[in-house]
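Structure first, then comments.
We did not get these values from a lab; they are worked out from the coordinates using the rules stated. Not measured: the values here are computed from a predicted model. Here the Cβ positions follow ideal geometry from the backbone for every residue, glycine too, while neighbour counts run over all protein chains shown.
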Amino acid sequence: MPTHPVRAAKASISSANARRSTFQKHAWARARSQIYDLSGHVEDVHFGIELECFVPKAAFQRLGLVRGAYHSGAACPASIDTLGLGWKCERDASIDAACPSGKIACEFVSPPLTGAAGFNEIYAFVKGLKDFGATVNSACGLHVSVSLQDIAGTDTPKDVRLRNFLRRLLRFVSIHENGMLHIGGRRSRVANKYCISIKRWLDFHALKKNCTRESFWNTLNYYGRYQTLNLQCIRGPQPRIEFRVFAGTVNPIKVLGYIAVALGIVHKAANAPLAPKQVTDASSLSAVIDDCKAVARLHKALWPRPAGPKLGVAPGVWAKWSSRILKNQRQNAASFQREPSWQAGAATGGSSATADVVEVYDVENAPSAAEQTAYERWILRHDWNHLGNYVRFAISGVHRSDPYFQIRGIGSEWVRLREQRDPCAAG
C-alpha cells in the first residue's frame, strides 16, 4: 500500500531535523574543544602593570629611586619595593613633556604577579607612591599585561586555536571598550593617539575564524601597538596581552579594578566557544559619553549577580576587594559623565566648537614665539592633537597664569582651560 504523502513529508522533515540536530551538536562540541578553560586555575594567570606618574623630586631622592632607560628600567630600592619582588623605574618620553615643575616623570613596571598576593602587592606599592606625593595628569596612562602562556600553554600564533582565541578577545574588547574608558573617570583616553580604538579597525573581517597566519599578522602589523588592546607583545620571549585603554591613576583601588576587568575579559574570551558580533560603532567622545550603560554592561558580563561566576578573579580576591572596586568604578563612570565641557573639548580637539577642525585667528596681535611655543607644549600635554582632529591657533593675548591659560577663542568668547589633577588621585 503506498505511503500517504502527508505522512511521507512529515517523516522526511523529522529525518532532516534529526540530521540537523546531530550536525549542530557536533559543531558545538568542536567549538567547545577549542576553548581555553580558565575556570579552575584563574589564580595562576600572571599579570602586571606599567604605571605612569610624576614623583616629587624630594621624594624621588629620599626614596633613592633611579630612572633607567625605556624598557630597561632600574630596580626600585627596598624603600618602595619592600618585598624585593623586582619593581622597576624607567623613563617614558610620552610623559616627559607633560611633567609638572618640581617633579620627575616615571614609569613603574611591576614584576609578574598572580592571585590574591599579586593584588595585595599592587595595592601596597601604588598606595606607597600616593603617600609619597605621586600624581598623574591627562598625559598619563596605565597598562595592564596578562600572560599568554598561562592561558594558551604551548600554543603559539602558528596554531589556529590561539588565533581564534585572540579574535574572540578583540571582539569582546570592542564590545566593552566604552566601559573600560568610563571606569577611568576621565576622557583623556578617548581618541588618544597612544590607545586608538580598535573599533576603528576597518578590516576586522580579515580576522575571520580559522584565518591564516598571513592575514592575522598583516592586520596586527598594519595597526601597530598603540591600540586599546595591544597584541604586538604576543611574539616576544614572554608573550603577553597588553591593555592600553586605562587612564593613569595613583588610586590603588582603581588600579585593582583595572586589573580585575582585564583578567575578566581575557577569561571570558578564553571560555567562549564562539566569537560575539564585532562592534564598530563610532568611537568619538560624544558617542562614548552617550553610552551611559557601558559600565553596567561590563559588570553584568564579567561578574553577574548575585551568585554567578566571577570571571578573572579568584574567590579570595573577590571577597576582599569586590565591593570597593565596584563602588569605585561606578563613581568613576559618573565622573566621566559629569566631566566639565572644557575638558571634553580638550579630549576631542575643540574648545567651545563641536567640529573636528578648529581654527582661531587674530592676525593683528600675533603671539610671540615664546608664547606660541609654550602654548603648543600645553596643547601636547593635554592631548588636544588627537588622531583625526587638528587644532590650529593664532592667538592674541595668551595670558599665562599658573595653573591655567586664558585664551580669546572663537568670536568674542573667552575659554578658560584649566589643568586639573586626576579626580580619583585623592581617593
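Within straight-line reach of residue 158, meaning a Cα separation under 17 Å, sit the following lysines at least 8 residues removed in sequence or on another chain: 208, 209. Counting neighbouring Cβ atoms within 10 Å and putting the fewest first, the residues 297, 200, 163 line up as 297, 200, 163. Here the extension length gained between residue 66 and residue 215 equals 49.4 nm, from 0.36 nm per residue of separation less the Cα-Cα distance. Of 82, 154, the sequence from fewest to most neighbouring Cβ atoms within 10 angstrom is 154, 82.
With θ taken as phi - 60° and the Karplus curve 6.51 cos²θ - 1.76 cosθ + 1.60 applied, the whole-hertz 3J(HN,Hα) list for the range 252-258 is x, 5, 4, 5, 4, x, 4 Hz, x standing for glycine and proline.
Add +1 for every Lys or Arg and -1 for every Asp or Glu among the other residues with Cβ under 9 Å from the Cβ of residue 60, and state the total. For residues surrounding residue 60, the net value is +4. Counting charges near residue 147 (Lys, Arg +1; Asp, Glu -1) among other residues having Cβ under 15 Å from its Cβ returns a value of -4. In percent, rounded to a whole number, the relative contact order of the range 42-338 is 23, using alpha-carbon pairs under 8 Å and six or more apart. Please report the relative contact order for the range 241-337, taking Cα pairs under 8 Å with a sequence separation of at least 6, and give it as a percent rounded to a whole number. Taking the mean separation of contacting Cα pairs over the length of the range 241-337, I get 43 percent. Per-residue 3J(HN,Hα) values for the range 125-137, derived from phi via the Karplus relation 6.51 cos²θ - 1.76 cosθ + 1.60 with θ = phi - 60°, read 5, 5, 5, x, 4, 4, 5, 8, x, 5, 9, 9, 9 Hz in sequence order (x marks Gly and Pro).
Here the gap between residue 331 and residue 222, fully extended at 0.36 nm per residue and compared with their Cα-Cα distance, gives a gain of 35.6 nm. Charge tally for residue 177 (other residues, Cβ to Cβ under 13 Å; Lys, Arg +1; Asp, Glu -1): +4.
Working note: Karplus 6.51/-1.76/1.60 with θ = phi - 60° gives the range 145-157 the couplings 10, 10, 5, 7, 5, 5, 9, 9, x, 8, 5, 10, x Hz, where Gly and Pro are set to x. Placing unit charges on the Cβ atoms of the charged side chains and taking the dipole of the range 42-338 about its Cα centre, the candidate lying farthest along the positive direction among 336, 192, 231 is 336.
The distance linking the range 41-111 with the range 211-268 is 20 Å (Cα centroid to Cα centroid, whole angstrom). Charged side chains reduced to their Cβ positions (Lys and Arg at +1, Asp and Glu at -1) give the range 42-338 a dipole of some 800 debye around its Cα centre.
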